[in-house]
Amino acid sequence: ASDLGIIAKDGKALTGDQLDQLPDEAALDKATSEVSVYARVAPEHKLKIVESLQRQGNIVAMTGDGVNDAPAVKSADIGVAMGITGTDVSKSAADMVLTDDNFATIRAAVEEGRSIYNNIKKSVLFLLSSNFGEVLTMFTSVIAGLAAPLQAIHILWVNLITDSLPALGLGVDNKEKGIMDKAPRDPNESLFAHGGMALAILYGLVIGGLTLTAFLYSPVKHLTDAGMAINLSGIKLMLENPDILVHAQTYAFVTLAMSQLFHAFGMRDTEHSIFQTKPFSNKVMLLAFVIGLGLQVAVTEIPFLCQVFGTVALSMTEWLELAAFACVPLLVHEIVVLVKKVVKR
């Protein structure tokens, strides 16, 4: 074992006979916490070792190929059987079967599992923050006594297109660099651990704030042009005008949709800048962005769809201004990454 690099030169090893001589479970637990190599062990010894490691809070994987290995393989958190040389009994008891009998495949499976978990987490946090932004927008408007910034069909459209498509892109994102260098996560760890909930709330506030600002832009501009005081009652008065209201709602609708599309790129990796994560490497995400943006343009530029969605056509200048405005979540992402790096230092 020492020659193969499994343990250090002064590492400890135990035989099955030595395990039998241990007086109680406490002695066994102490031994298994210090020893990593066992020799000449019987099937019952393997089971004892697995149970001892589990008592100490470890997640235990056990490999085996014979009938005698089945109890330990079954008892382990992750039982692994050999697909070529393994018996049917060991395969039935296992959670994972190595079809190539190659231990390197276990590492590949762990890496894939970590990537899947990370992608699920990214998708959930993205959807949570985006929907929180929508709720915040509507709730704030109701509290202030303003007209609704978004129509019901707008919310349904955003949830159908600019929420679902980027979330699918995040779900199939590439593996993060250095994913196997991280320590194993606690199995009881919340999906919102390590600042996940704080990030969801932060981005929800940003998206909600952007949408409300875009909604108020049109009535505020009309108040300014008319030389009137900018206050809540004046904004309410302006929004009673159907033309101003539909223009304001279109601004809010477009800003909400585009800000979520841009936000999805930042959610690919909350620890690194988007320029470090190769923003164009996820083809599904790019396709989701293009389709989402194209459909958003369609519902505000095609006359028939404008009538259905209650929107007005926007000029190229307005589109560019709203697009620049919607990029703010990416700017916030870069600031968050920078702050995290400074704190770690």
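The values are calculated or read from the model by the stated rules, or taken from the named source; none is laboratory data. Just so it is clear, the structure is predicted and the values come from calculations on it, not from any experiment. Don't worry about glycine lacking a Cβ; one is built from the backbone with ideal geometry, like all the others, and counts go over all protein chains shown. For accessibility, only protein heavy atoms count, side chains too; no ligands or nucleic acids. Shrake-Rupley method; radii C 1.70, N 1.55, O 1.52, S 1.80 Å.
Rg over Rh of the range 96-188, using C-alpha atoms and the Kirkwood radius, what does it come to? Write out the running numbers ahead of the final one.
Working: Rg = 19.9 Å, Rh = 16.4 Å.
Reported Rg/Rh (Cα atoms, Kirkwood Rh): 1.21.
Of the accessible area of the range 11-117, computed with a 1.4 Å probe over protein heavy atoms only, carbon and sulfur atoms account for 54 percent.
When each of the peptides 229-238, 79-88 is scored by how many other beta carbons lie within 10 Å of its residues on average, the order from highest to lowest is 79-88, 229-238. Distance distribution P(r), the range 131-266, all Cα-Cα pairs, bin width 5 angstrom from 0: 2, 9, 16, 18, 15, 12, 9, 7, 5, 3, 3, 1, 0 percent. For the pair the range 17-50 and the range 199-270, the centres of their Cα atoms are 66 angstrom apart.
Just need the Rg to Rh number for the range 87-129, please, alpha carbons only, Kirkwood Rh. Intermediate values should be presented prior to the final figure.
Numbers: Rg = 15.3 Å, Rh = 12.5 Å.
Ratio of gyration radius to Kirkwood radius: 1.22.
Pairwise inverse Cα distances across the chain, averaged and inverted, put the Kirkwood hydrodynamic radius at 24.3 Å. Annotation: peptides 267-279, 250-262, 44-56, 14-26, ranked by per-residue average of other Cβ atoms within 10 Å with the highest first, follow the order 250-262, 44-56, 267-279, 14-26. In terms of distances greater than 32 angstrom between alpha carbons, the cross-link table entries 30/74; 30/121; 74/344; 182/278; 46/175; 46/182 yield 30/121; 74/344; 46/175.
For the chain, modelled as a GNM whose springs connect Cα atoms under 10 angstrom apart, the maximal fluctuation among 265, 280, 325 occurs at 280. Taking a straight line from the alpha carbon of residue 221, these lysines sit under 22 Å away, with near neighbours fewer than eight places off in the same chain left out: 236.
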